[in-house]
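I have placed the structure first, in the form of structure tokens, so that the comments after it can refer back to it.
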Amino acid sequence: MHAPALSDRSIEAYADTVEAEQLDRLRSFAEELEDDRILHVNSTATGGGVAELLRSIVPLCNDLGVDTDWLVLDADDEFFAVTKSIHNGLQGDDAPLTDPMKATYRSVTERNAAEVDDEYDLVVLHDPQPLGMIDRLRERLPDAPIVWRCHIDLTDPSPDHLAFVTEYASRVDHAIASRSDYAGVIDVPTRVVHPSIDPLSEKNRSLDEATVSSERDRLYPLSFDAPLVAQVSRFDPWKDQFGTLAAFRRARDEIPGLQLALAGAMAGDDPEALEVYERVAKDAAGEPHVHVLTDLPDTTINALQRGADVVVQKSLREGFGLVVSEALWKRTPVVGSTVGGIPLQIEDGRTGHLVDPDDAQAAGARVVDLLDDDDRRRTFGANGREHVRDRFLLPRQIADLFDVLLDVLD
Ligand code: UPG
């Protein structure tokens with residue numbers, strides 16, 4: 001196990017952005033947890049939504065006086081091939097799950113669990129990757145409740161994968177899911193906590209003119225002066241970059257000069273990323289208006305989400321979809337699919353548009369509607385910012401998390 005390096009956060013800094021009541025609620029829960037030592041475990045320090053959340057949650061919990069650590073599994077490609085298969089299976093894919101794969105999962109998770117020190121009062125395991133630690137953790141920390149935080153879309157899991165994960169997940173003390181529809185899929189007490197974005201992170205903070213200007217230069221030949229559609233997502237089959245490409249092509253028929261940016265990262269625990277990236281890049285080859293971009297720094301992602309006229313998130317499954325709130329916070333309307341957590345964030349006709357996940361043509365038509373109407377884009381953008389401020393910023397998520405942890409420790 002290893003602990004990622006983190007930058008400090010201070011709760012005081014959120015006072016200008018977040019309602020005082022939300023901060024008071026957070027501080028009062030934090031006081032009740034001040035004698036507890038909490039550990040979060042996941043499978044990657046970089047790339048993807050879970051690492052994005054923990055990078056902000058962990059330092060802010062510590063600033064609030066709640067002693068919180070974050071450890072990342074030490075594992076190799078073989079393990080990550082197994083856990084990506086489990087991830088895909090839970091989201092509904094008919095992915096393989098053989099006995100040797102299960103054995104790999106068990107041995108890596110047990111080996112990591114043996115390294116956890118025995119002074120924690122509560123452990124939060126994120127997603128299926130570390131769940132296999134449960135028996136060893138119970139031996140080492142017999143009094144510490146174990147919480148499973150599931151970030152996955154559990155709308156239609158494949159039965160084999162669900163059975164395998166349930167073997168472990170049904171033995172945790174409590175689970176947390178991102179939407180009420182996912183609670184109850186596994187028979188264990190479950191509360192819903194919506195994820196959130198950090199308005200002060202490098203990815204989401206406001207940018208001054210000089211920074212925007214240097215980021216523009218970095219993104220050249222992509223231009224913020226011509227109409228621009230963007231998607232920011234790991235290269236992953238569920239993110240449906242091919243659907244976005246089809247929507248873009250439909251929109252470009254009506255908006256000459258329209259550009260598309262497909263920005264994607266290679267998360268450390270995602271062995272499919274390179275292959276999906278290569279397929280997307282090949283599909284878009286010969287279209288100079290399509291920019292397939294990899295591993296951009298957070299400041300550049302920030303500038304891209306601001307510079308885009310419309311963001312598209314046409315996922316086929318999506319536990320929540322931080323990228324939707326990231327764009328709305330920057331006043332960029334989003335066209336997204338009616339899956340998972342996306343409809344919690346996009347109010348159709350108020351902050352963006354919702355489309356059927358199979359209907360790329362409808363997505364393209366909605367992009368055109370938005371590009372054709374500057375006022376509508378501005379209004380949706382302003383609504384989106386306030387919707388995220390009310391519901392999807394970091395202090396609210398940590399308060400909800402603390403609320404669950406206090407219940408579990410009770
Ligand atoms: N990102 C980058 N650079 C890229 C691509 C992505 O920084 O090139 C970031 C993106 O800005 C966002 C994160 O990676 O902060 C991706 O998060 P998200 O959109 O939530 O997707 P996942 O990585 O799939 O995250 C998982 C779930 C998702 C959920 C999240 C937190 O699939 O639905 O919102 O966990 O619960």
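Which of (1) away from the ligand (no atom under 16 Å from the Cβ); (2) surrounded by 20 or more Cβ atoms within 10 Å (Cβ to Cβ) is the odd one out, the single condition HIS87 does not satisfy?
(1)
How many residues, within segment 327-346, are under 26 Å from GLY92 (Cα atoms) and out of contact with any Phe, Trp or Tyr (no Cβ under 6 Å at 6 or more places or on another chain)? Full working, then the answer.
Step one: list which residues in segment 327-346 are under 26 Å from GLY92 (Cα atoms), which gives 334-346.
Checking the rest, the ones that are also out of contact with any Phe, Trp or Tyr (no Cβ under 6 Å at 6 or more places or on another chain) come to 334-340, 342-346.
Going through segment 327-346 one residue at a time, the tally reaches 12.
Which pairs do you get when a residue that is in contact (Cβ under 8 Å) with a residue 60 or more places away in the chain and more than 29 Å from GLY268 (Cα to Cα), found in segment 222-234, comes within reach of a residue that is within 16 Å of the ligand (Cβ to nearest atom) and outside any loop (DSSP other than H, G, I, E, B), reach meaning Cβ atoms under 6 angstrom, with the pair 6+ apart or on two chains?
PHE224/GLY307
State yes or no: is THR244 of a type in the set (Ser, Thr, Tyr), surrounded by 21 or more Cβ atoms within 10 Å (Cβ to Cβ) and not in a strand (DSSP E or B)?
Working: of a type in the set (Ser, Thr, Tyr): yes; surrounded by 21 or more Cβ atoms within 10 Å (Cβ to Cβ): yes; not in a strand (DSSP E or B): yes.
Taking the combined requirement at face value, the residue satisfies it.
Let's see how each residue does on (1) more than 23 Å from HIS174 (Cα to Cα); (2) open to solvent by 10 Å² or more (accessible area, probe 1.4 Å); (3) within 19 Å of the chain's Cα centre (by Cα):
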| residue | (1), (2), (3) |
| --- | --- |
| ALA15 | yes, yes, no |
| ARG25 | no, yes, no |
| SER28 | no, yes, no |
| GLU31 | no, yes, no |
| HIS40 | no, no, yes |
| ALA75 | yes, yes, no |
| PHE79 | yes, no, no |
| GLY92 | yes, yes, yes |
| ASP117 | no, yes, no |
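When you check ASP236 against the structure, is it within 13 Å of the ligand (Cβ to nearest atom), open to solvent by less than 10 Å² (accessible area, probe 1.4 Å) and under 19 Å from the mean Cα position of the chain (by Cα), yes or no?
Judged against the criteria, ASP236 is a match.
So if I check each of VAL193, VAL188, which one is open to solvent by less than 10 Å² (accessible area, probe 1.4 Å) and in contact (Cβ under 8 Å) with a residue 40 or more places away in the chain? Talk me through it step by step, then tell me what you get.
On the way: VAL188 fails: open to solvent by less than 10 Å² (accessible area, probe 1.4 Å).
Selected residue: VAL193, the only one of VAL193, VAL188 that is open to solvent by less than 10 Å² (accessible area, probe 1.4 Å) and in contact (Cβ under 8 Å) with a residue 40 or more places away in the chain.
Specify the residue that is nearest to the ligand (Cβ to nearest atom); the eligible residues are those in segment 246-278 that are touching a Lys or Arg at 6+ places or on another chain (Cβ under 8 Å) and of a type in the set (D, E, K, R).
ASP270
On the basis of being among the small types (Gly, Ala, Ser) and within 16 Å of the ligand (Cβ to nearest atom), does GLY65 make the cut?
Judged against the criteria, GLY65 is not a match.
Please specify each residue of segment 247-257 satisfying the condition of being in a helix (DSSP H, G or I) and surrounded by fewer than 24 Cβ atoms within 10 Å (Cβ to Cβ). Reasoning before the result, please.
Here is the first cut: in segment 247-257, the ones in a helix (DSSP H, G or I) are 247-252.
Across segment 247-257, the qualifying residues are ARG249, ARG250, ARG252.
Filter segment 4-13 for residues that are open to solvent by less than 90 Å² (accessible area, probe 1.4 Å) and either under 16 Å from ASP400 (Cβ atoms) or assigned to a helix (DSSP H, G or I) (or both) and give the result.
Answer for segment 4-13, where residues must be open to solvent by less than 90 Å² (accessible area, probe 1.4 Å) and either under 16 Å from ASP400 (Cβ atoms) or assigned to a helix (DSSP H, G or I) (or both): ILE11, ALA13.
Please indicate, with yes or no, whether at least one residue in segment 258-273 is modelled with pLDDT of 95 or more and in a loop (DSSP other than H, G, I, E, B).
yes
Here is a list of conditions, (1) among the small types (Gly, Ala, Ser); (2) part of a loop (DSSP other than H, G, I, E, B); (3) farther than 20 Å from GLY268 by Cα, and ALA103 meets all of them except one; can you say which number that is?
(2)
The values are calculated or read from the model by the stated rules, or taken from the named source; none is laboratory data. Quantities reported herein were computed from a predicted structural model and do not represent experimental measurements. Here the Cβ is made from the backbone with ideal geometry for all residues, glycine too, and neighbour counts use every protein chain on show. For the accessible areas, the whole protein counts, side chains as well, though only heavy atoms, and no ligand, DNA or RNA atoms are used. Shrake-Rupley method; radii C 1.70, N 1.55, O 1.52, S 1.80 Å.
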